[in-house]
Each structure stands twice: as structure tokens, then as C-alpha cells.
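Beneath this line is the structure, given in C-alpha cells, with notes to follow.
Only the coordinates and a few stated rules stand behind these numbers; no lab work does. Quick caveat, the model's predicted, so the values are computed rather than measured. We place every Cβ from the backbone using ideal geometry, glycine too, and count neighbours over all the protein chains shown.
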Amino acid sequence: LLCRADGDPPPSTRCARDGDAARGWGGRAVTRADAGRYVCRATNKHGAAVRSVTVTVECEWGMWWGRDGD
């Protein structure tokens, strides 16, 4: 997930699933195992802002189109 925030000074951002360390998908397709609550946190010298989102994966690519992409 992309976590964006604006501020002065610009905040550092981090997004993680259920408190786990940040994990990138690296361009791969998501699966149902990736579903869950993700928390994004933006921090700078003035403080922090936190927001969460629940990700639902309704269909896996291989489950809909076939394993070979047909």
C-alpha cells in the first residue's frame, strides 16, 4: 500500500499490516492472504497521524482466470 502525507517538515511514512513490519508487494498480485487491517503512520517533529484501512481481496487472479492466465 502507498502511504502519502504532507507536512512541514515533510513526514516520514510507514504502512504495515496488523502491526507487522512494512511489507512491499513488489509488483506481485495480491492474494486473500494479504487481506486485513493496515495501519499507516506519518511522523515528523510536530507529532504523528495514524489512519487505518481494511483491505478485502475478493478474487485471486489465478482463481478467476485460471492458473496460466487464460
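Put simply, the amide H of residue 3, placed in the peptide plane, has no neighbours under 5 Å, leaving out anything fewer than 5 places away on its chain.
Give, as a single signed number, the net charge of other residues whose beta carbon lies under 14 Å from the beta carbon of residue 49, with Lys and Arg counted +1 and Asp and Glu -1.
Values: positive: 4, 14, 41, 45, 51; negative: 6, 8.
Once positives and negatives cancel, what remains is +3.
Packing, taken as the mean count of other beta carbons within 10 Å per residue, orders the peptides 32-41, 50-59 from highest to lowest as 32-41, 50-59.
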